[in-house]
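A.B. asks: Below is the structure I would like to discuss, written out as structure tokens.
The values are calculated or read from the model by the stated rules, or taken from the named source; none is laboratory data. These numbers come from a predicted model, not from an experiment. Every residue, glycine as well, gets a Cβ built from its backbone with ideal geometry; the counts of neighbours run over all protein chains shown.
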């Protein structure tokens, strides 16, 4: 199977050097999140449309893929102390203090706003003169494995309003956990089917989280990227290998981060990170993010694949930039 090049760009902030390596070594030796035995992870298929992910006896997240969903999602996502990190809406209604904008912002999702002209990001109703949105349908499991790391492998179809499958998706989700931290490694392989597929340039995508109200910037949330830029106004539209959102939920200080692996397509990704609570990594939105730039339209020929690689980190406490850099070094050393 042919893979599209990841067109790797150099992220100067994270170049390896003797100083960085020494700092990371000291951090690893002194931080309990490194080097400790991992907590056991269990994957429980609770009903025909959900898999619950447990760390020990505690729920960490749920993978949901029922008929009512526009695409497979993770919801909820819980901190090490059991606090909710995602907005409940639109999976749950009437939750106090929540905004009800953007009803397509569902938990944690992987989707895109312009695939051959079809919007898989929004939820558009079809009509006589408009085709409606595309849908991503979970089609099966190929692996469900408990252990020191939990592993879930799934298949999905990206289906146009016409009913045609335009992309096949093979996913691997690897869950790790320790005292005060959780990781969710996400590997998505998209393969074009009968016709060529183009991801047309748009800001609406791709690896997205809609965070809980207290993590918005009008509350406690503050974004930080690998270059040291802070707040959504500085982070939005920039390329970076990682972005962290630091805030507090019910008295628990937390860091919620998305990392982008160097072998992921169009690394380092752009960031569609908004102060109101949308936190998204988007590799293809160049013309929207960099005004005056030509569009970045990326195509796959039939049978050609593209690889998208991310880690979601949940960590108790506010991680500094140097500590985040160390956690990123740990991630980029992993094999996709």
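A.B. asks: Does residue 194 satisfy the condition of being over 17 Å from residue 133 (Cβ atoms), assigned to a strand (DSSP E or B) and touching a strand residue (DSSP E or B) at 6+ places or on another chain (Cβ under 9 Å)?
C.D. replies: Taking the combined requirement at face value, the residue does not satisfy it.
A.B. asks: Of the conditions (1) touching a helix residue (DSSP H, G or I) at 6+ places or on another chain (Cβ under 7 Å); (2) over 26 Å from residue 38 (Cβ atoms); (3) surrounded by 16 or more Cβ atoms within 10 Å (Cβ to Cβ), residue 228 clears all except one; give me its number.
C.D. replies: Here residue 228 clears every test but (3).
The rows are residues; the columns are (1) more than 30 Å from residue 216 (Cβ to Cβ); (2) within 17 Å of the chain's Cα centre (by Cα); (3) assigned to a strand (DSSP E or B).
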site: 136; (1), (2), (3): no, yes, yes
site: 142; (1), (2), (3): yes, no, yes
site: 154; (1), (2), (3): yes, yes, yes
site: 161; (1), (2), (3): yes, no, no
site: 174; (1), (2), (3): no, yes, yes
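A.B. asks: Looking at region 210-239 only, could you name the residues that are in a loop (DSSP other than H, G, I, E, B), farther than 24 Å from residue 74 by Cα and touching a strand residue (DSSP E or B) at 6+ places or on another chain (Cβ under 7 Å)?
C.D. replies: 226, 231, 237, 238
A.B. asks: Given the criteria at negative phi and without any contact (Cβ under 8 Å) to a residue 40 or more places away in the chain, does residue 234 qualify?
C.D. replies: The answer is yes for residue 234.
A.B. asks: Another one. Can you name the residue in region 278-319 that is assigned to a loop (DSSP other than H, G, I, E, B) and within 17 Å of residue 225 (Cβ to Cβ) and is also farthest from the chain's Cα centre (by Cα) among such residues?
C.D. replies: Selected residue: 290.
Yes or no, residue by residue, for (1) more than 24 Å from residue 214 (Cα to Cα); (2) at pLDDT below 95:
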| position | (1), (2) |
| --- | --- |
| 30 | yes, yes |
| 39 | yes, yes |
| 43 | yes, no |
| 53 | no, no |
| 61 | no, no |
| 69 | yes, yes |
| 72 | yes, no |
| 77 | no, no |
